[in-house]
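The values are calculated or read from the model by the stated rules, or taken from the named source; none is laboratory data. Here the structure is a predicted model, which means the values were calculated and not measured. When we count neighbours, we look across all protein chains shown, and the Cβ atoms used for this are built from the backbone with ideal geometry, even at glycine.
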């Protein structure tokens, strides 16, 4: 059968384009009728294009098809659905439509629709029906699915990578829009890890507390996911497990986990992320920030008592600075070795017996117990002619509390 030789000039599209030019020589009465019908037709076609953009499916459609539709009907990008959402917001609904978010954002900037460059093609705009909601970029990092969460997570991650590739997602967005906080959930773990790898310093942002501290853990797996991330990049801070959050009454992530999951489950989770044989000075942090849990952590991390922290301080130095008392913990003194009693704190330059009275709360018995172990330290602490004024003043202040000896 021979291929049809119908002229392309007679195709529906060409004929429609020729008629819609509305030649000025046409009678006014016809031109007015055609103009009105053209406006109605154009609106109908734009609505059809808008509906198309609201129902994108990566299996059925391609980026080039989407661009072609937008090229013909740019205002379709602002076509609102029944619930007032635009196509770029509707694309968040499933893993088959999320892949089109980058092209929708890029085309919105191209045609200056949806906020244009300022709103980055709609990525920084809120839900038009809810001005107090998150922006689309935050939703893209935060939303998850209970059924097959990994599929949706991966689709969103691919979209994030494409946005980064075309400079529609920038490194500063992670902190500015708190994307780590919004993505720190098991259903968005791939996105969380990607953003964290891109900007690990976002975990210690001065503007906001770390995700570990801020998060409300929906499960023990959620808590473990965030603590592991913190330990991966900031083991010296123990993953921010003991960082206090002023908005939560100075509660630490450790406090929150103990309250939500109970001591047994919380400690099991902490052990997974901070193994006892990893030689982290965890007890230094416990005695300083959550002393009420000291006994619980001592059982799990007995060898941590003999480690030094990042400032090379002994546990004894930190404990005394935090107000630990031998009177209420006789085992503490028994475990303390002679060289610890005799070693100056590398931070303050003071002997342990001098650190005790410098703490906010102390008792005489603690100082007495320390000096009984090595009374000669009082003589060694005598001042020499070579001591500078600052050293003399510091020692004088500390010794002033020891007059009872």
With (1) modelled with pLDDT under 95; (2) closer than 30 Å to residue 135 by Cβ; (3) surrounded by 15 or more Cβ atoms within 10 Å (Cβ to Cβ) as the list, and residue 191 as the residue in question, which single condition is left unmet?
(1)
The one condition residue 153 fails out of (1) under 30 Å from residue 45 (Cβ atoms); (2) crowded, with 22+ Cβ neighbours inside 10 Å is (1)
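Please give the helices (runs of 4 or more DSSP H) falling wholly within region 201-297 in which 2 or more residues are at pLDDT 90 or above and in contact with a helix residue (DSSP H, G or I) (Cβ under 6 Å, 6 or more places away or on another chain).
Working: elements: 211-214, 220-233, 253-273, 282-289.
Because the criterion is at least 2 residues that are at pLDDT 90 or above and in contact with a helix residue (DSSP H, G or I) (Cβ under 6 Å, 6 or more places away or on another chain), the helices (runs of 4 or more DSSP H) in region 201-297 that meet it are 220-233, 253-273, 282-289.
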For residue 176, indicate whether it is modelled with pLDDT of 90 or more and under 18 Å from the mean Cα position of the chain (by Cα).
yes
Of the numbered conditions (1) under 33 Å from the mean Cα position of the chain (by Cα); (2) in contact (Cβ under 8 Å) with a residue 12 or more places away in the chain, residue 93 satisfies every one except a single condition; which is it?
(2)
Quick one: which helices (runs of 4 or more DSSP H) sit completely within region 8-107 and have at least 3 residues that are surrounded by 18 or more Cβ atoms within 10 Å (Cβ to Cβ) and either modelled with pLDDT of 80 or more or touching a strand residue (DSSP E or B) at 6+ places or on another chain (Cβ under 6 Å) (or both)?
28-54, 63-72, 87-90
Any chance region 125-137 includes a residue that's closer than 25 Å to residue 49 by Cβ and either more than 26 Å from the chain's Cα centre (by Cα) or outside the structural domain of residue 64 (by TED's automatic domain parsing) (or both)?
yes
Can you tell me how many residues within region 302-323 are crowded, with 20+ Cβ neighbours inside 10 Å and more than 21 Å from residue 339 (Cβ to Cβ)?
0
